[in-house]
Amino acid sequence: MNNDTLIPYIGVVTDIRQDTPDVKTFRVVSPEGGKVFEHMPGQCAMLSIPGVGEAMFSITSSPTNTKFMEFSIKKCGCLTTWLHAMDVGQQITIRGPYGNAFPVETELKGKDLLFIAGGIGLAPLRSVINYVRDKRANYGDVQVIYGSRSKDDLVDYKEIIDEWMTDDGIKVDLTIDNPQEGWDGHVGFVPNYVKELNPSINKTVLICGPPIMIKFTLAGLKELGFKETQVYTTMELRMKCGVGKCGRCNIGNKYVCKDGPVFRFDQLGELPDEY
Amino acid sequence: MLKISLDKLDKLFEAIAASQTLYIPADREDGAAEYRKYESGMKLSNKLNTLRSAKDFFFPQTENLVDFKMEGKNIDVIDVREESEDFVIFGVRACDARSFTILDKVFLAEPVDSYYKNRRDHSTVVTMACTRPAETCFCGTFGIDASAPEGDAACFSDGENLFFEAHNEKGQKFIDSISSLLEEGNTSKLDDVREKTRDILKKLPLANLSTDNFGGDKLNEYFNSDKWGELSESCLGCGTCTFVCPTCQCYDIKDFNTGHGIKRFRCWDSCMYSDFTKMAHGNPRLTQLERFRQRFMHKLVYFPANNNGEFGCVGCGRCLSKCPISMNIVKVMKALEVK
Amino acid sequence: MQEAMINKAKQLLADGTVNRVIGWKRGEFAYDITPAVFESAEELDSEFVYDDFTSANVSKYLVKECKKEGRILAFLKPCDTYSFNQLIKEHRVVRENVYIVGIPGGPKLDAEKIKAKGITGILGVKNENYTLKIDTVYGEETMPFYEAILDKCASCKSKKHVVYDELIGEDGDVLDSNRFDMVEKLENMSAQERYDFWREQLSKCIRCNACRNVCPACTCEKCVFDNPNSGVENKAPADSFEENMFHIIRAFHVAGRCTDCGECSRVCPQNIPLHLLNRKFIKDINSLYGEYQAGEDTTSRAPLNDYNKDDCEASIVHERGVE
Amino acid sequence: MQVNENKEFEPLIVAFCCNWCSYAGADLSGTNRLNYPTNVKIIRVPCSCRVNPMFILRAFQRGADGVILCGCHPGDCHYTSGNYFTRRRMTLLFSMLDFLGIERDRTRVEWVSAAEGAKFAATMNEFTESVKKLGPNRRLEDLRCRKQ
């Protein structure tokens, strides 16, 4: 019988990094070494500990990383609590890749890009940002606006400071919600910061974060003159199968696992408001 | 047309069951019909339809997907799939036969569901034309002719004889396998019976129900209809409609710890249940209104939007007779319809 | 009766006693009647129905309805009043927000029983001197009224209303019912026969949860079977054990609170006689701890929340009855 | 390794014991060097009243062949009245299991005080023997949990 997508592969966790108090980044390789499967930026994978649960996570590492995949996971439910408690060397099951991807090879090619992320919302965008950094010649200006509750809650802070900020072709603006000792950067919410920075409206925007942040940022972008066709986001709903069959992650007639998770706001606007 | 006399049905069943597993609708003690594995002496039910739909054959209520053995930090994945045996389902009604094509559109779409396909490949569906449709029948609404069912092969009764007709290679193979029992027969009486059935179908109370105003193009209009509150008010949030439905195909995947391993199984799920879309951080369908809406929007709007206008209902009428509070797709369609 | 009820409802709506009415709404056929809330005289006139098929017990809806703005009028049959009274006892409803009009009860008809006779294509059902005249697309059929009544009505326990603000018609009496006959019959079977009986019945279960969701005593905010952290959550009977477990626990959780309204068996799409499990508990409670009828009053202690120092020991189960 | 088909059936017995009396009783039978079968697995609970009917069923699901519930003697409950409720609850549950055709001798309630080490051992011996006679639990088992 052919392989079935519901039968998972084994992945080995080779590195666990504590990013913030409630976010850890897990490095996963196949037991034979190397990546379990290839993917495109924005796609997701089903991770599971049998007996504990199975859930969909976006792949945080860039496809250009040929050695391993990474997942930045926030502790919030049953499975994620288990994942946070495990040690290096633990095997997990993994299946995918699922969903569409950010159109990095088509619509986004040659464009000026603006990434806006809030909190753990950086996880899916990090894959795109690193993809773009590795194929820098294919894209125009790149700007990242990233905010979190506090300095400690900035995911991948080390990579942002050491790699992104030292990169020439990429501008990074960080913000935190409240003033904090040892922070001399910007303080304030992401939507306001975006308005303050007043980015050029030629940019294509990729946005991810808590729903409330997305809502206000989108409104702010529209005020600045951005059109809905310029803004992409990535969605999340309860999923079980990952292939549009189990019937629960739909928004209208679109399945987030299959037709999403990446949607352009004009596409999302045509769908019922049920997410 | 090839035929067999109805009083020789036993012989026919014996012959089929000799080479492969045969399932026929049989009466159980409480009077309802259900598909049962044929054993000598079992009688074909004369009920219009089985209480549970025929989807169980391809999409059972629970099935083991994969097993895991956990040892220390290691996980073993054990593929438990086995090649299905060949089987014949006899006496499937036109509505249930159509439900298979609807399920195919879900499970055989890429990536193919190998569990479903395995059973589908090994099955022969022999349908049976209806002669006494009930008031709850509305298959005609979805373009199904109860007197000419689909399936690999179909059979038609004129009250004395059962006539056979092959629809594809599989069906022809089935008829060939029983050809020694069949003989050429005159269909003039059968034509009368079919004519009469068609007349009755036209006279049924739901004969005029139409899907003309449903489909993918009025998605937001139906979604935002103010009728949902009133319609869903009495809904108990049970899963009766979804579980008796031949086309409801949503499922859940769960793990069961047996104490010496993990069994991952798939089971039917219902969009009527409160945890259907519940996540660690919230639930987009908080009240019964949203859940109720999802079920009917899926059948009448979303499914046709994704499948060239084909609806996700076959009009078998099971939910009409089984809903504890008699709220069903017909009432929803009538209340909702936007001309 | 229907007309008297509509008039009563209109009058109470008009004088402001209530702002809503819970009753039953006509369907597509003679028998598919849906509980519904009515807010105006026009709605009542066009859609309200009370006939031989209006069997659904509306008292559970009142748990939600009584928390809304204003007062609601509920027409309760005698058996429904027991359910409602039990809900008052458990503080699940606000009595003041419900205006109860007691109406005479059944026996109500069961469309499934008519269909089981092979009668199909039903267009209309009329009761003429306790003979049902059934109009079908295949011509007229008849059957005796009492052969088509719901099982729960066939063993009616009471025609008395235990709670009401006013009555339409006369109040009845508590009946001497034969409702424990089937339980007794099973008790007198051998263990193997009982096991076979229940295996056949419970293996039909499709776990649709209709029995649980319709039950006026099952009002937990979150059922243990829906709770992933309970360790017993299950959505489908993956094993015969889970079928047994669900039905034992469902019945046990309402033991001493079940008023024997019979809704569980009425709604079961697989015709499992679930009420027998509940009745077994009622029968045991009656015989071991004294006669008790849940919902009869709002003050007495439920048998499982109570004890006597000289209660029998559990070993009584091993000593009596048929092995 | 050769499996002996005729090996005598060894039942798995789950004993729920209340913390204050029966568990101490079990302890005492141990310190007094009284024998009771190793088939008995004790689960300590704060009070016999803590035992939900679901616990009993779950024990059967997970492979128990018999379940026994031990608590303080009526009147001696550490929490005054817990075991009185237990008594009613278990009577009804066992009666229901019997009604469903499940062998009645697979379940039992026994009152064992902290001083009754001998009674504990004797009860367990006797209960294990009676369950042994019944053979493995087949009517209330979960096939998925059966050890291959």
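Which ones in region B:302-339 are more than 7 Å from every other protein chain (Cβ to nearest Cβ), β-branched (Val, Ile, Thr) and part of a helix (DSSP H, G or I)? Hits for region B:302-339 are B:ILE329, B:VAL332.
Residues that are in a strand (DSSP E or B) and β-branched (Val, Ile, Thr) do occur in region A:49-68.
The residue of region B:214-250 that is farthest from the chain's Cα centre (by Cα), among those that are of a type in the set (Asp, Glu) and more than 26 Å from C:ASN213 (Cβ to Cβ), is B:GLU221. Applying the criterion of at least 2 residues that are within 12 Å of chain D (Cβ to nearest Cβ) and within 26 Å of B:PHE265 (Cα to Cα) to the helices (runs of 4 or more DSSP H) found wholly in region C:175-248 leaves C:191-202. Out of the residues in region C:133-184 that are touching a Gly at 6+ places or on another chain (Cβ under 6 Å) and among the aliphatic types (A, V, I, L, M), state the one that is farthest from C:ALA30 (Cα to Cα). Across region C:133-184, the extreme among qualifying residues is C:LEU167.
In region C:200-215, the residues that are assigned by TED's automatic domain parsing to the domain that holds C:CYS258 form Cβ pairs under 7 Å with partners that are part of a helix (DSSP H, G or I) and basic (Lys, Arg), at six or more places apart or across chains, as follows: C:CYS211/C:ARG250; C:ARG212/C:ARG250. Can you find even one residue in region B:273-287 that is more than 10 Å from chain A (Cβ to nearest Cβ) and assigned to a helix (DSSP H, G or I)? No, the conditions are met nowhere in region B:273-287. Might you check whether a residue that is out of contact with any Leu (no Cβ under 6 Å at 6 or more places or on another chain), closer than 22 Å to A:ALA101 by Cα and surrounded by fewer than 18 Cβ atoms within 10 Å (Cβ to Cβ) occurs anywhere in region A:139-156? Yes. Can you find, within region D:55-83, the residue that is farthest from C:LYS280 (Cα to Cα) among those that are surrounded by 19 or more Cβ atoms within 10 Å (Cβ to Cβ) and facing chain C (nearest Cβ under 7 Å)? Here the answer is D:GLN61. Considering region B:74-188, the qualifying strands (runs of 3 or more DSSP E), each wholly inside and each with 1 or more residues that are without any contact (Cβ under 8 Å) to a residue 12 or more places away in the chain and polar (S, T, N, Q), run over B:74-79. In region B:116-134, of all residues being under 26 Å from B:PRO304 (Cβ atoms) and over 14 Å from the mean Cα position of the chain (by Cα), the one that is surrounded by the fewest Cβ atoms within 10 Å (Cβ to Cβ) corresponds to B:LYS117. Within region D:119-148, restricting attention to residues that are among the basic types (Lys, Arg) and in contact (Cβ under 8 Å) with a residue 40 or more places away in the chain, the residue that is nearest to the other protein chains (Cβ to nearest Cβ) is D:LYS147. Regarding region A:105-116, can at least one residue be identified that is assigned to a strand (DSSP E or B) and not aliphatic (A, V, I, L, M)? Yes: one or more hits.
Just a yes or no: is a residue in region A:214-227 acidic (Asp, Glu), free of Cβ contacts under 8 Å to residues at least 60 places away in the same chain and either crowded, with 19+ Cβ neighbours inside 10 Å or over 21 Å from B:ASN224 (Cβ atoms) (or both)? Yes, some residue in region A:214-227 is acidic (Asp, Glu), free of Cβ contacts under 8 Å to residues at least 60 places away in the same chain and either crowded, with 19+ Cβ neighbours inside 10 Å or over 21 Å from B:ASN224 (Cβ atoms) (or both). Number of residues in region A:1-38 that are within 23 Å of the chain's Cα centre (by Cα), farther than 25 Å from A:GLY121 by Cα and among the charged types (D, E, K, R) equals 0. Note on region A:136-216: enclosed strands (runs of 3 or more DSSP E) holding 2 or more residues that are within 21 Å of A:LYS227 (Cα to Cα) are A:142-148, A:204-208. Against the condition of a type outside the set (Gly, Ala, Ser), modelled with pLDDT under 90 and in contact with a Ser or Thr (Cβ under 6 Å, 6 or more places away or on another chain), how does A:LEU154 come out, does it pass? Yes.
The set of residues from region A:1-31 being assigned to a loop (DSSP other than H, G, I, E, B) and within 14 Å of chain B (Cβ to nearest Cβ) comprises A:MET1, A:ASN2, A:ASN3, A:ASP4, A:THR5, A:LEU6, A:ILE7, A:PRO8, A:ASP22, A:SER30, A:PRO31.
Rundown of residues vs (1) in a strand (DSSP E or B); (2) under 30 Å from B:LEU209 (Cα atoms); (3) touching a Ser or Thr at 6+ places or on another chain (Cβ under 7 Å); (4) not β-branched (Val, Ile, Thr), yes/no style:
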{"residue": "C:GLN11", "(1), (2), (3), (4)": "no, no, no, yes"}
{"residue": "C:VAL21", "(1), (2), (3), (4)": "yes, no, no, no"}
{"residue": "C:ASP51", "(1), (2), (3), (4)": "no, yes, no, yes"}
{"residue": "C:VAL63", "(1), (2), (3), (4)": "no, no, yes, no"}
{"residue": "C:SER83", "(1), (2), (3), (4)": "no, no, yes, yes"}
{"residue": "C:TYR99", "(1), (2), (3), (4)": "yes, no, yes, yes"}
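Is there a residue in region A:243-256 that is in the same structural domain as A:ARG149 (by TED's automatic domain parsing), outside any helix (DSSP H, G or I), of a type outside the set (S, T, N, Q) and touching a residue at least 12 places away in the same chain (Cβ under 8 Å)? Checked region A:243-256: no residue is in the same structural domain as A:ARG149 (by TED's automatic domain parsing), outside any helix (DSSP H, G or I), of a type outside the set (S, T, N, Q) and touching a residue at least 12 places away in the same chain (Cβ under 8 Å). Taking the stated definitions as given, is C:GLY102 out of contact with any strand residue (DSSP E or B) (no Cβ under 6 Å at 6 or more places or on another chain) and within 25 Å of C:CYS264 (Cα to Cα)? In short, no. If you filter region C:261-298 down to residues that are away from every other protein chain (no Cβ under 12 Å), surrounded by fewer than 22 Cβ atoms within 10 Å (Cβ to Cβ) and under 16 Å from the mean Cα position of the chain (by Cα), you find that the one that is nearest to B:ALA32 (Cα to Cα) is C:GLN293. In region B:21-73, the qualifying residues are those that are under 30 Å from A:PRO31 (Cβ atoms) and touching a residue at least 12 places away in the same chain (Cβ under 8 Å), and the one that is surrounded by the fewest Cβ atoms within 10 Å (Cβ to Cβ) is B:LYS69. Restricting attention to region B:99-136, the residues that are within 30 Å of B:GLU160 (Cβ to Cβ) and touching an Asp or Glu at 6+ places or on another chain (Cβ under 6 Å) add up to 2.
Restricting A:MET46, A:MET86, A:MET69 to those that are more than 12 Å from every other protein chain (Cβ to nearest Cβ), touching a residue at least 12 places away in the same chain (Cβ under 8 Å) and hydrophobic (A, V, I, L, M, F, W, C) reduces the list to A:MET69.
The values are calculated or read from the model by the stated rules, or taken from the named source; none is laboratory data. If you're wondering where the values come from, they're calculated on a predicted model, not measured in any experiment. Note: ideal-geometry Cβ built from the backbone for every residue, glycine included; neighbour counts use all protein chains shown.
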